[in-house]
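The values are calculated or read from the model by the stated rules, or taken from the named source; none is laboratory data. All values reported here derive from a predicted model rather than from experimental measurement. Reconstructed Cβ throughout: ideal geometry from the backbone, glycine too, with neighbour counts over all protein chains shown.
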Amino acid sequence: MKPLLEKAQRGDAAAFEQLFLPHEAQLYRVAFLYTKNEADALDVVQETAYRAFLKIGAVRQPEYFKTWLVSIAVHCALDLLRQRQRLLPLEEQPAQKPMTEQPEQAILQKLTLQQLLTCLTPQQKTVLVLRYSADLSFAQIAQQMQLPQGTVKTLHYRALKKLNAKAKENDWYE
């Protein structure tokens with residue numbers, strides 16, 4: 001991987017493509033968790049590729065290439081959401097419709113993962129996405145977010161606690 005990275009850092013587009021393509025599907029999943037829209041997620045992946053190609057020289061350790069790409073994707077997604085003013089405070093989120101008596105409709109009205117993530121702060125959401133979607137360790141997340149590892153663990157714990165409370169509130173537990 002190191003020789004390929006060095007070629008990409010010298011401006012070799014084919015080498016960059018070989019480095020980027022294996023991570024494209026995972027970057028799309030991360031982007032989709034943020035944007036909740038296929039077209040926007042694809043835009044985020046494209047912007048991620050563009051920014052990564054421009055800044056490939058910043059990568060010093062090849063083993064952190066995937067972590068670096070995911071971090072760029074998260075930043076691109078947040079930038080897109082800010083640009084389109086979709087990132088609403090929790091108080092402005094649409095209220096949930098009341099549950100109906102019919103089981104099929106009740107299932108459809110339960111919170112999805114996307115809706116659950118809206119109750120989290122951007123930092124909490126980023127920690128969960130990096131931990132579970134990008135499969136990064138707490139140390140890698142701390143490095144990418146430029147936070148102490150203890151802070152990342154606290155954000156993770158509080159995010160899971162919020163999700164658990166939200167799931168109980170909406171009768172996900174029997």
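Residue by residue through the stretch 132-142, note down the ones that are in a helix (DSSP H, G or I), of a type outside the set (A, V, I, L, M) and either exposed (fewer than 15 other Cβ atoms within 10 Å of the Cβ) or at pLDDT 85 or above (or both). Correct list: TYR132, PHE138, GLN140. The one condition from (1) modelled with pLDDT of 90 or more; (2) surrounded by fewer than 10 Cβ atoms within 10 Å (Cβ to Cβ); (3) of a type in the set (S, T, N, Q) that GLN46 does not meet is (2).
GLN140 falls short on exactly one of the conditions (1) touching a Ser or Thr at 6+ places or on another chain (Cβ under 7 Å); (2) over 16 Å from THR67 (Cα atoms), and that condition is (2). Taking the stretch 21-43 as the range and being buried (at least 18 other Cβ atoms within 10 Å of the Cβ) and either among the basic types (Lys, Arg) or touching a Lys or Arg at 6+ places or on another chain (Cβ under 7 Å) (or both) as the test, only HIS23 passes. Only one of the listed residues (ARG158, ARG86) is outside any loop (DSSP other than H, G, I, E, B) and either at pLDDT 80 or above or in contact with a Ser or Thr (Cβ under 9 Å, 6 or more places away or on another chain) (or both). That residue is ARG158. Give me a count of the residues in the stretch 95-131 that are outside any loop (DSSP other than H, G, I, E, B), modelled with pLDDT of 75 or more and of a type outside the set (D, E, K, R). Within the stretch 95-131, residues that are outside any loop (DSSP other than H, G, I, E, B), modelled with pLDDT of 75 or more and of a type outside the set (D, E, K, R) number 8.
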